[in-house]
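See below for the structure under consideration.
The values are calculated or read from the model by the stated rules, or taken from the named source; none is laboratory data. On a predicted model such as this, the values are computed, not experimentally measured, just so you know. FYI the Cβ positions are ideal-geometry reconstructions off the backbone, even for glycines, and counts take in every protein chain you see. Each accessible area value is taken on the protein alone, full model and side chains, heavy atoms only, with ligands, DNA and RNA left out. Shrake-Rupley method; radii C 1.70, N 1.55, O 1.52, S 1.80 Å.
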Amino acid sequence: MLSLRNVHAAYGSVLALRGISLEAPEGGIISVLGANGAGKSSTLRAISGLLRPSEGTIEFDGKPIDKMRPEKIVQMGISHVPEGRQIFTELTVMENLRLGAYTRRDGDAVKRDIDRIFSYFPVLGERAKQQALLLSGGEQQMLAIGRALMAKPRLLLLDEPSLGLAPILVREIFSIIKTISEEEKLTILLVEQDASLALSIADYGYVLESGTVVLEDTAEQLRGNESVRRSYLGY
Amino acid sequence: MRRLSIPPPALWLVSLAVLLLVFPFVHDWPVFGRFISEFRTFNAAMFAVWLLVVLSMNLLTGYSGQISLGHAAVVLVGAYMTGILVDQYSIPMPVAIALAAAFTGLVGGVVIGLPASRLTGPYLAIATFALVITFPQILKLNLIDGWTNGALGIRIREVGAPGLVDGFLDQAQWLYYVTMFVALIMAVLFWNLTHSRFGRAFVALRDSEIGAEQMGINVPMYKALAFGISSFYAGLAGGLFFMVQTFVGPESLGFQQSFLFLVAIVIGGLGTILGSVFGAFFLTFQAEVIDGIPRWAESLEGRVPFVSFVPDLDRLRGVIYGGLLVITVLLFPRGLAGFVQGMGSWRPAAARESLAARLAAVRAGDFGAASMLARQLGLGRPAERGDERHDPPDAGEGRSNGADDDKLG
Amino acid sequence: MDSIVSLTGLWPDTAVMLAAPPWEDPSLFAQLIISGIASGSLFAILALAIVLIYRSTNILNFAQGEMAMFTTFMAWTFMTRMDFWPAFFVALLVAAAMGGALERLVLRPVEDGPPLNSVIVTLGLFTIFNGLALWIWGPLPKGFGPFSVFKGSAICASDVCIGRLSLGTLIVALIVMLALYLLFQRTGLGLAMRATAQNRLASQLVGIPVNNMLTLGWALSATVGAVAGVLVAQSVSLTTGTLFVILLYAFAAAVLGGLDSSIGAVVGGLSIGVLKNLSAVYVPPEVGSVDVAMAFLVIVLVLMVRPAGLFGRPAARRV
């Protein structure tokens, strides 16, 4: 469904990605692991069009998307939940969700989808009319995910959903992610610092180091891999 | 490594000093007199006044990043104060100028700086814009008519040279030496100030107020200080302005001049002394040059094709200055000074390394990275990092471009 | 009466009148309020244009007044060739195109930079438009004459009157405000524009064509400014300096109302108009004329006491 081949990208003169290649087949959760600065977020940014690759190709459903503008990529069916959530803090929860559906033209379906988001995250329904600024960190993360789902994506890019959240909330959010991926038949590319958490729900994983893939395998194999355990799982 | 073809700074300084010393007499010399008229002595005195103004403006806007569109009003404060002290209290001119400068510095630091230290960017621009528009009306208030003489302004008899040098120097020459001397001293002080702890704090303010706060800089205090010192320079310039012109009125300096001050620092080069010198040249000669072009075009008529199509430049003045401003900001953010320094001491390696270091530092937080970079660059294009218009405060001392800054000093 | 109703005291240095205090001459007081509201509605429209750009791009447009002046001159040129309404709408279209083009070509590179750069660029545009207008149309005033809708005798209730032109201006200001309010609060496009102003990155990620939104913001603002310009030219003759003083009052209005609030811009504009009228009449002549100083005072006081203005949201500090 998604394939990156030898993707290079840079901020100014500093290379962030040095030849990333990865495949995400339809369905399931693919986890991208790596240390800080390994290029995990940059990979997602390259896919969603925020970072222009200088070399290599990105294909979605067989169509090249690496030269498309971000809004076109959203229309293709890829939604990106960025690191730090980036919700519209001065707008209401409802307005945030409506903006998520910006690229869609089916008004009635949008209303049904908002209700569906509220069924996954009931707390958002209770706070629909509130300014997003007033939500707690966990609720903001839920809103960010909900907003991304409103675009009806087939591929969801999730960047560090656990960042800054209490462990109990993190477990809740991860179990919802798992549920959503199954119920919506959604492919998820999950970037996560907490490797054991990510591998617990992922089907397949890639390990990044200084902008390139150094290891890939099924989640199960990765959990058993000696060097992954030493470097990322901490035992 | 020093470039061998360029003489050491000492030689530059000596030549400059000799040039400045003999300048007011050059028009009497046989050959030079054909090129330099006596009027240039007066021009040079005004150049010194404008240099102080541009330095003042550069300290506030170029170094500290505080936008001021109201600088003409601050200069007017100094000029009026000097006028009032001389005219009504018969205080000798030098004392009056010193008092006026101190007063303006105090007013600028406390009355403008402290409140302004709470304002950022666009808000400060609005407030200072409003100040300069309003100031003539304030000066004309009947309430303070007794001091300011209302719409008529303050006029004094011309200030001759004191007895000691009388007869040797005429009035223009005397004014030239006084203003140039003051301007040079103040420029040297300026260089020292901007290369001190204070200067680095000002630059930190400009780059990021929140960053400066985290570095332990007392942001409101330094902002007020920047306003105070800048106003002191402006007040001094105002005093000398009054001395040279022997007149000040509510409309002597207004929004248009404030705007020209901004043009001067931007096209000269923000945050450098060399840029301030270029800016002062601009302020001194801009009117003459623009007025001169049509006459020059007329004289060429018949010899050069299409010359009769040179438009009425006086009316296009605004378009020319505005165009210069926009083009400079968009394409040459370091101004003329950056261009000159770029010719003399190109230092790609050092700049690129510091770029790499900073980029590496921000790379981890991918998401903030793009916007952080944009902010640090000023104009938002990573490729221009090497063109950064001022050295980062933490970059090593004694790099070659420091020497370019002090050509004047 | 009509002279007070129109724009008395809009310009600095108008004669200072001696006036009885409000309790002795309530109808003068009422008249001042009414005519203040009328002239204030001009400030309000220009303030709306300023707010529109500020909230969509975080840029303070110092060229707003001069852009409006320029498009008004264009409207004047069109009117020598066609009727009022077609000329007016052609001028609005040209203004929109001009605003959008400026954003694309000139403002785009400075949008992400420090505010100093954008302030410098808009000031540059300020003098460019002023100079161009002077060059093209010359320094002589151009008569615009009130359009027929606005002609006719003043409307009076007992001895307090309002000119038709003033009433028309007020109504236009309210219509513009309402239209902008509906656009921003009730339409998807408006929501997308608000989102863009707030968080450009997130807007890109939900698929909003961010660049188009910014261009649209400038185009809209230039259009609103052109409306203000044509209305100003109805009551005073049009010169290259006509909108300069109004710009200061519009800034005062925008700051008073809150730079990101369109309702604030209107309330601010009307208040500044009233304040200006009152200060022109009730400040004793010993003090001197203070109408411009009043605008300055309002700006300083608001910024000191409540920088977000009456209706603005206190801005979070941008790191």
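Once backbone amide H atoms are built at 1.01 Å from N, A:Glu209 has A:Val214 as its partners under 5 Å, excluding neighbours fewer than 5 places away on the same chain. Springs join every pair of Cα atoms under 10 Å in this Gaussian network model of chain A, and among A:Glu59, A:Glu183, A:Glu26 the largest mean-square fluctuation is at A:Glu183. Annotation: amide H-H contacts under 5 Å for C:Ile208 (H modelled 1.01 Å from N, sequence separation of 5 or more, or interchain): none. Between the beta carbons of A:Ser210 and A:Arg52, assuming R0 = 22 Å, the FRET efficiency works out to 0.65 to the nearest 0.05.
Across A:Tyr11, A:Tyr204, A:Tyr120, mean-square fluctuation computed from a Gaussian network of chain A (C-alpha pairs under 10 Å connected) peaks at A:Tyr11. Considering only C-alpha atoms, what is the centroid distance from the stretch B:53-102 to the stretch B:177-241, in Å? Cα centres, the stretch B:53-102 to the stretch B:177-241: 14 Å.
Roughly speaking, to the nearest percent, how much of the protein assembly as shown's 1.4 Å accessible area is carbon and sulfur? Before the final figure, lay out each step's value.
Values: 25150 of 39550 Å².
On the protein assembly as shown, the fraction of accessible area on carbon and sulfur atoms equals 64 percent.
Sorted from largest to smallest, which semi-axis lengths in Å does the alpha carbon gyration tensor of the stretch B:38-344 give for its equivalent ellipsoid, taking the root of 5 times each eigenvalue?
Details: eigenvalues 172, 154, 77 Å².
They are 29, 28, 20 Å, listed from largest to smallest.
Could you order peptides B:51-57, C:58-64 by the average number of other Cβ atoms within 10 Å of their residues, highest first? Please list the in-between numbers first.
Values: B:51-57: 30.3, C:58-64: 25.6.
Highest mean packing first, the order is B:51-57, C:58-64.
Residues in the stretch B:6-151 average 40 Å² of solvent-accessible surface per residue, probe 1.4 Å, ligands and nucleic acids excluded.
Only beta bridges with both residues in the protein assembly as shown are counted; by DSSP, about 60 percent of them are antiparallel. Based on the Kirkwood approach, the hydrodynamic radius assigned to chain A is 18.0 Å, with every pair of different Cα atoms included. For the stretch B:189-200, the Karplus equation 6.51 cos²θ - 1.76 cosθ + 1.60, evaluated at θ = phi - 60°, returns couplings of 4, 4, 4, 5, 4, 6, 9, 9, 3, 4, x, 5 Hz by residue, with Gly and Pro reported as x. Taking R0 as 25 Å, what's the FRET efficiency between C:Leu183 and C:Leu105 from their Cβ-Cβ distance, rounded to 0.05? The calculated FRET efficiency here is 0.50. Here's how it looks for A:Asp217: its modeled amide H is under 5 Å from those of A:Gly205, which are all 5 or more places away or on a different chain. Legend: distances between Cα atoms for A:Lys63/A:Lys129; A:Lys40/A:Lys67; A:Lys40/A:Lys111; B:Lys140/C:Lys142; A:Lys67/A:Lys129; pairs beyond 28 Å are A:Lys63/A:Lys129; A:Lys40/A:Lys111; B:Lys140/C:Lys142; A:Lys67/A:Lys129. For the pair the stretch C:28-106 and the stretch C:221-293, the centres of their Cα atoms are 13 angstrom apart. In this structure A:Glu126 has an accessible area near 150 Å², from a 1.4 Å probe over the protein heavy atoms.
Given R₀ = 25 Å, what would the calculated FRET efficiency be for A:Arg230 paired with B:Gln214, taking r from the Cβ atoms and rounding to 0.05?
After rounding to 0.05, the efficiency reads 0.10.
Phi angles across the stretch C:254-259 convert, under the Karplus curve 6.51 cos²θ - 1.76 cosθ + 1.60 with θ = phi - 60°, into 3J(HN,Hα) values of 5, 5, 4, x, x, 5 Hz, Gly and Pro given as x. For the options C:Thr187, C:Thr215, C:Thr240, a Gaussian network treatment of chain C with springs between C-alpha atoms closer than 10 Å singles out C:Thr187 as fluctuating the most.
Reported value for the stretch C:78-186: 200 Å³ per residue, from the convex hull of its C-alpha atoms.
Please state, to two decimals, what the Cα-based radius of gyration of the stretch B:80-189 comes to when divided by 2.2 N^0.38 Å (N = residues). Don't skip to the end; give the middle numbers.
Details: Rg = 17.6 Å, N = 110, 2.2 N^0.38 = 13.1 Å.
Dividing the Cα Rg of the stretch B:80-189 by 2.2 N^0.38 Å gives 1.34.
Roughly speaking, what is the centre-to-centre gap between the stretch A:3-62 and the stretch C:130-193 when only Cα atoms are used, to the nearest Å? The stretch A:3-62 and the stretch C:130-193 have Cα centres separated by 53 Å. Helical content alone sets the calculated 222 nm signal of the protein assembly as shown at -19000 deg cm²/dmol, taking -39,500 (n - 2.57) per DSSP H segment of four or more residues and averaging over every residue.
Helix C:188-198 and the longest principal axis of the Cα set of chain C meet at an angle near 80°.
If you sort B:Trp12, C:Trp137, B:Trp191 by accessible surface, 1.4 Å probe, largest first, the order is B:Trp12, B:Trp191, C:Trp137. The string of couplings for the stretch A:73-86 from the Karplus curve (6.51, -1.76, 1.60, θ = phi - 60°) is 5, 4, 5, 5, x, 10, 10, 10, 9, x, 4, x, 6, 6 Hz, one whole number per residue in order, with x for Gly and Pro. Its residues counted as N, the stretch A:170-235 yields a C-alpha radius of gyration over 2.2 N^0.38 Å of 1.14.
Where does chain C land on Rg(C-alpha)/(2.2 N^0.38 Å)? Please report the intermediate quantities before stating the final value.
Values: Rg = 19.5 Å, N = 319, 2.2 N^0.38 = 19.7 Å.
My calculation over the Cα atoms of chain C gives 0.99.
Per the Debye calculation on the protein assembly as shown with a single equal scatterer at every Cα and no solvent contribution, log₁₀ I(q)/I(0) for q = 0.05, 0.10 Å⁻¹ amounts to -0.36, -1.23.
Beyond 16 Å, what share of the Cα-Cα pairs of the stretch A:39-155 remains, rounded to the nearest whole percent?
Working: 4105 of 6786 pairs.
Here the long-distance tail beyond 16 Å is 60 percent of all Cα pairs in the stretch A:39-155.
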